[in-house]
Amino acid sequence: MGLSLVHSRGCVGVESPLITVEVHLSSGLPQMHLVGLPETAVRESKDRVRAALLNCKFKWPPSRITISLAPAELPKEGGGFDLPIALGILAADEQIPSAVFGDCEFLGELSLNGDLRSVRGVLPAAIRARDSNRILVIPTVNAAEAALVKGGKQLHGRSLLDIVEWLHGRKQLDDCKPDLSCKPPIHPDLCDVIGLHGAKRALEVAAAGCHNLLMLGPPGTGKTMLASRLPGILPPMSETESLEAAALASVSQAGLDHRSWGVRPFRTPHHTCSNVALAGGGSRPRPGEISLAHNGILFLDELPEFSRHALEVLREPLESGRIVISRAARQATFPARFQLIAAMNPCPCGMAGDNSGRCSCSAEQIQRYRGKISGPLLDRIDIQVEVMRPDNSILSEPDDDTENSAVVRKRVIKSRDRQLARAGKPNALLDNDELSSYCHIEGEQLGLLEMAAEQLFLSPRACHRILKVSRTIADLDQAEDIACEHIAEAIAFRRLNTGQNYI
């Protein structure tokens with residue numbers, strides 16, 4: 001009888017492997033068999049495709065239809081195979097020409113009347129189709145997302161009939177074009193924060209070197225307010241960073257909002273989230289909050305309120321920049337190079353060290369509360385600062401020394417440019433060899449760090465992170481060498497590691 005072959009794309013983690021849809025019509029009782037490890041949504045495509053073809057006035061082949069999704073060992077999920085299956089059936093029955101099938105890839109879910117609905121994972125599919133020099137044909141609702149990929153050719157249609165008319169040469173499909181109507185977001189300005197000059201300095205250093213930051217202080221002192229202003233002083237995303245972040249959003253449950261293109265992710269999960277929600281996972285692995293914050297910020301407010309298990313999940317991704325989700329049937333690797341910003345109270349009631357005398361927590365309660373954050377996790381946070389309650393005079397006296405986000409951002413970008421020109425990466429990501437090359441100290445500077453390590457019981461990892469922060473502070477000062485004042489300021493930024501507990 002008839003045989004056809006149509007190219008499509010699957011979704012495995014953040015990758016989009018090639019899926020070949022083979023359709024064979026043979027003699028026998030009219031029925032359809034779908035093979036190739038299809039999951040529920042794919043198995044149900046048989047009913048959607050049949051209804052769509054009949055409602056679009058196509059003839060349903062009175063044959064035995066065998067559909068193979070290859071490679072067979074790769075699990076298939078989602079409704080994106082509806083369009084290639086429908087086209088394969090029509091081509092095998094010679095109702096449409098198949099001459100262009102070798103140069104195209106098709107992706108789209110069919111409604112019962114033949115309209116095309118949106119699918120997940122269009123951005124990774126567009127990247128792989130471009131690399132394979134094929135045309136990607138997708139639903140119109142996904143056009144703005146696919147247009148984010150430069151260098152490839154993507155076409156879109158509103159219905160199955162549009163695609164068929166294009167295959168017959170009777171109609172042209174439109175190219176996918178970016179949505180130019182969206183405006184860049186307006187971030188809260190740093191000048192809204194009155195006082196807290198030490199905390200704002202720490203925020204600037206963290207932004208310049210992509211360092212992790214922990215703020216500790218009583219409730220209402222401005223920790224969350226400071227964190228929400230970090231996106232406004234960060235450098236803009238590169239094309240590669242934007243594609244990586246958008247690809248992760250594209251394969252997530254919520255999908256990609258193309259209006260967020262080029263905007264650094266700012267994820268703020270609630271402290272009740274599970275370790276799976278934070279790290280990612282499920283029977284069909286999906287990216288979690290740490291991956292959705294890739295190339296952006298993960299803000300954990302009320303850090304000790306997160307479960308111990310969830311927090312410990314952060315330790316490996318903070319070092320490696322990725323997370324591997326392993327299940328019995330499959331494994332998926334997601335990038336997770338995020339900047340951790342956390343906030344916490346000094347004690348359960350929040351008033352320890354507030355000089356108000358209102359703290360009623362015992363030393364044991366305070367120790368138990370802070371013990372929820374393990375030493376190894378705390379050791380991976382480069383900057384740890386105290387955000388104390390400012391003087392009441394700020395309510396009546398304006399703060400003329402407060403800089404707005406635009407001024408601080410210029411310094412941050414200038415510092416980051418020095419880092420990228422020197423090592424090709426922010427200071428926080430330097431490895432041991434690069435640390436020796438770009439953060440080399442000796443003499444008085446080395447003696448200061450060794451004395452601090454001995455007196456404050458700092459681990460080698462903590463010393464390395466102090467060096468990285470020192471290098472960032474020197475870059476903000478546009479200094480070629482790390483000076484003693486740079487190291488002293490970096491040491492002061494690790495007070496939680498030194499046993500000074502603000503009590």
Give the stretch 409-423 a look and list any residue that's over 16 Å from P231 (Cβ atoms) and either touching a His at 6+ places or on another chain (Cβ under 6 Å) or surrounded by fewer than 17 Cβ atoms within 10 Å (Cβ to Cβ) (or both), or say none.
K414, D417, L420, A421, R422
Would you check which residues across the stretch 467-486 are without any contact (Cβ under 8 Å) to a residue 60 or more places away in the chain, buried (at least 21 other Cβ atoms within 10 Å of the Cβ) and closer than 17 Å to A206 by Cβ and list them?
L467, S470, A474, H486
Residues of the stretch 64-96 being surrounded by fewer than 21 Cβ atoms within 10 Å (Cβ to Cβ) and part of a strand (DSSP E or B), in sequence order, are R64, T66, S68, A70
Collect the residues in the stretch 110-135 that are part of a strand (DSSP E or B) and buried (at least 21 other Cβ atoms within 10 Å of the Cβ), keeping them in residue-number order.
L110, D115, L116
Please count how many residues of the stretch 415-432 are part of a helix (DSSP H, G or I) and at pLDDT 90 or above.
12
Applying the selection to the stretch 51-63, what residues are surrounded by 19 or more Cβ atoms within 10 Å (Cβ to Cβ) and either within 41 Å of the chain's Cα centre (by Cα) or not aromatic (F, W, Y) (or both)?
A52, L53, P61, S63
If T66 passes every condition in (1) within 25 Å of L29 (Cβ to Cβ); (2) under 35 Å from the mean Cα position of the chain (by Cα) but one, which one does it miss?
(2)
For the stretch 294-369, please list each of the strands (runs of 3 or more DSSP E) lying entirely inside it that holds at least 2 residues being out of contact with any Lys or Arg (no Cβ under 9 Å at 6 or more places or on another chain) and either surrounded by fewer than 22 Cβ atoms within 10 Å (Cβ to Cβ) or aromatic (F, W, Y) (or both).
322-326
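The rows are residues; the columns are (1) under 30 Å from R48 (Cβ atoms); (2) without any contact (Cβ under 8 Å) to a residue 40 or more places away in the chain.
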{"position": "N142", "(1), (2)": "yes, yes"}
{"position": "G152", "(1), (2)": "yes, yes"}
{"position": "P188", "(1), (2)": "no, no"}
{"position": "D192", "(1), (2)": "no, yes"}
{"position": "G198", "(1), (2)": "no, no"}
{"position": "E204", "(1), (2)": "no, no"}
{"position": "A207", "(1), (2)": "no, no"}
Among the residues that make up the stretch 8-31, is at least one of them within 25 Å of R330 (Cα to Cα) and free of Cβ contacts under 8 Å to residues at least 12 places away in the same chain?
no
Taking the stretch 242-278 and the residues there that are part of a loop (DSSP other than H, G, I, E, B), on the phi < 0 side of the Ramachandran plot and small (G, A, S), the one that is modelled with the lowest pLDDT would be A254
Out of curiosity, is L448 surrounded by 11 or more Cβ atoms within 10 Å (Cβ to Cβ), at pLDDT 90 or above and part of a helix (DSSP H, G or I)?
yes
Mind listing just one residue for me: the one in the stretch 6-41 that is in a strand (DSSP E or B) and more than 35 Å from the chain's Cα centre (by Cα) and, of those, surrounded by the most Cβ atoms within 10 Å (Cβ to Cβ)?
V23
Spot the failing condition for V412; the list is (1) part of a helix (DSSP H, G or I); (2) modelled with pLDDT under 90, and only one is missed.
(2)
Looking only at residues in the stretch 279-293 that are in a strand (DSSP E or B) and modelled with pLDDT under 90, which one is farthest from D379 (Cα to Cα)?
R286
Of the residues that make up the stretch 2-13, is at least one touching a Phe, Trp or Tyr at 6+ places or on another chain (Cβ under 6 Å) and either of a type outside the set (G, A, S) or over 30 Å from G281 (Cβ atoms) (or both)?
yes
Please enumerate the residues belonging to the stretch 194-220 that are surrounded by 15 or more Cβ atoms within 10 Å (Cβ to Cβ) and either of a type in the set (G, A, S) or not assigned by TED's automatic domain parsing to the domain that holds V408 (or both).
G195, A199, A202, A206, A207, A208, G209, G217
Among the residues of the stretch 194-225, how many are in a helix (DSSP H, G or I) and not hydrophobic (A, V, I, L, M, F, W, C)?
8
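The values are calculated or read from the model by the stated rules, or taken from the named source; none is laboratory data. Because the structure is predicted, anything quoted here is derived from the model rather than measured. Note that we place each Cβ from the backbone using ideal geometry, even for glycine, and neighbour counts take in every protein chain shown.
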